[in-house]
1. Only one of these is closer than 19 Å to Val370 by Cα and under 20 Å from the mean Cα position of the chain (by Cα): Arg335, Arg286. Name it.
2. How many residues does the range 301-313 contain that are open to solvent by 30 Å² or more (accessible area, probe 1.4 Å) and in contact with a helix residue (DSSP H, G or I) (Cβ under 9 Å, 6 or more places away or on another chain)?
3. Given the conditions (1) crowded, with 22+ Cβ neighbours inside 10 Å; (2) more than 15 Å from the chain's Cα centre (by Cα); (3) at positive phi, report the number of the one that Gly367 does not fulfil.
4. Name every residue in the range 246-276 that is farther than 21 Å from Glu185 by Cα, surrounded by fewer than 18 Cβ atoms within 10 Å (Cβ to Cβ) and under 26 Å from the mean Cα position of the chain (by Cα), in order of residue number.
5. Whether any residue in the range 285-300 is open to solvent by less than 40 Å² (accessible area, probe 1.4 Å), in a helix (DSSP H, G or I) and farther than 30 Å from Gly151 by Cβ is what I want to check.
6. Out of curiosity, is Gly358 under 22 Å from Ile379 (Cα atoms), open to solvent by less than 10 Å² (accessible area, probe 1.4 Å) and touching a residue at least 24 places away in the same chain (Cβ under 8 Å)?
7. Can you say whether Val116 is more than 23 Å from the chain's Cα centre (by Cα), part of a helix (DSSP H, G or I), under 30 Å from Gly337 (Cα atoms) and at pLDDT 90 or above, as far as the supplied structure shows?
8. When the residues of the range 210-230 are filtered to those that are at pLDDT 80 or above, in contact with a helix residue (DSSP H, G or I) (Cβ under 7 Å, 6 or more places away or on another chain) and among the small types (Gly, Ala, Ser), which remaining residue is nearest to Trp278 (Cα to Cα)?
Amino acid sequence: MSSSTARTEASVDPIAGDLIGSGVEGGLGDQIRAWWQRVRGGDMGALPAVGGLVVLGILFTTLSPFFLTERNFANLLNQAATLVMLGMALVFVLLLGEIDLSAGVTGGVAMALFVVLNAQFGIAWPLALLVGFGFGLLAGAFIGFFVARVGIPSFVVTLGLFLGLQGLALVIIGPGGLYRVEVPELIALQNGNLPVWGGWLMLAIMLAVSAGTAFWDRARRSRAGVPNRALSLVWIKLAAIAVLGGVVVYVLNVDRGQGTVAVQGVPNIVPVVLVILWAGTFVLDRTKFGRYIYAVGGNAEAARRSGVKVRWVKWWAFVICSSLAVVSALFSVTRVGSVDAAVGRDIVLSGVAAAVVGGVSLFGGRGRLVHAAIGALVIAVITNGLGLLGLPAGVNLLVTGGVLILAATVDALSRLRSGGAMRL
């Protein structure tokens, strides 16, 4: 008897163990009804952030003639990149119900090591940058050890590092010290643009990757005997990416220069952020490690009893968070073109705010990387719009703080409505 006929309906395909449920299956109507039920049950995801983004866009477009321009749109994407990356980094620990207050200064110390090794000691920039990323990895491993193995609350460990790493940055850079970033390849990250054809190529690659991922998911689910959603939903998703992406690329390809030299094209930072967003989403949505993160964040004891190595999951989550925080710091220093001892000191709470505003739960177990990206865009729009209106920085902080409190309140109330227990 062949293996295919020997398998009984009660047997479990090994592929099924690697799959993450895609929610309610069925057609578009089924999906809409299921989504509405989740919203009514309190799981609103990124809906409030998307709504806020639309409202803010309309408000600032009405109040400032410069907000909805090609030049400001490109500037907004560059401005938001640092916060988007830090917000995505923090998602990995927030999903566990943990926090990393040291993520910003970890990136700052990594950039201090990079620039000093490169500028003062003449070490080639790729090697110096690798040392910086190595420091981020070690910092994450250090935090993970004390949180997962020793059992110290992540708030205490990372607060201690937040203070201590500021001192280390001062030792490396020196009080009042400042080093310029003299690497053209890195400066181009935040100050260069793709050629006009490069934006369309980026969109074509996005469509190809999205289609390939969608059909790969469907093939795996079919082999595992798991129901698939209607194929029409795949085409709807691809059409939405094509239309929205096409509009963005078209707008960014318009000449936004004010002189004789044309300034046009998608900013270089956009495809970099999209690649990292896709990779991180793939890890969380399509790997056992990602499923374990959600399981531990939802109920760590139940996950442990199910055979999940909770300590290992927490350890790696902090390693990933610190490593991505270094990427965020790299975006920051390449935008301003210099490194000082204050890099990353003031941004970490904004990163937490970005994730929470986007719909990532502070209580763990709920949220996605794209939610943090949307939340970061909300905060960047607030900063950008208030700046165009000429309002003082204090107003920006007041508005951002109010938005964060509102988002955290919505998160807490939604958990109570859906039957979740708040942690005391």
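The values are calculated or read from the model by the stated rules, or taken from the named source; none is laboratory data. Worth saying up front: this structure is predicted, and the values here are computed from it rather than measured. As a convention, Cβ positions derive from the backbone with ideal geometry for all residues, glycine included, and neighbour counts pool all protein chains shown. Side chains are part of the model used for accessible areas, which takes the heavy atoms of the whole protein and leaves out ligands, DNA and RNA. Shrake-Rupley method; radii C 1.70, N 1.55, O 1.52, S 1.80 Å.
1. Only one candidate qualifies: Arg286.
2. Going through the range 301-313 one residue at a time, the tally reaches 7.
3. Only one criterion in (1) crowded, with 22+ Cβ neighbours inside 10 Å; (2) more than 15 Å from the chain's Cα centre (by Cα); (3) at positive phi is unmet by Gly367, namely (2).
4. Gly246, Val247, Val248, Tyr250, Val251, listed by residue number.
5. Looking for residues that are open to solvent by less than 40 Å² (accessible area, probe 1.4 Å), in a helix (DSSP H, G or I) and farther than 30 Å from Gly151 by Cβ, one finds none in the range 285-300, hence no.
6. yes
7. Against the criterion (more than 23 Å from the chain's Cα centre (by Cα), part of a helix (DSSP H, G or I), under 30 Å from Gly337 (Cα atoms) and at pLDDT 90 or above), Val116 qualifies.
8. Only one residue fits best here, namely Ser210.
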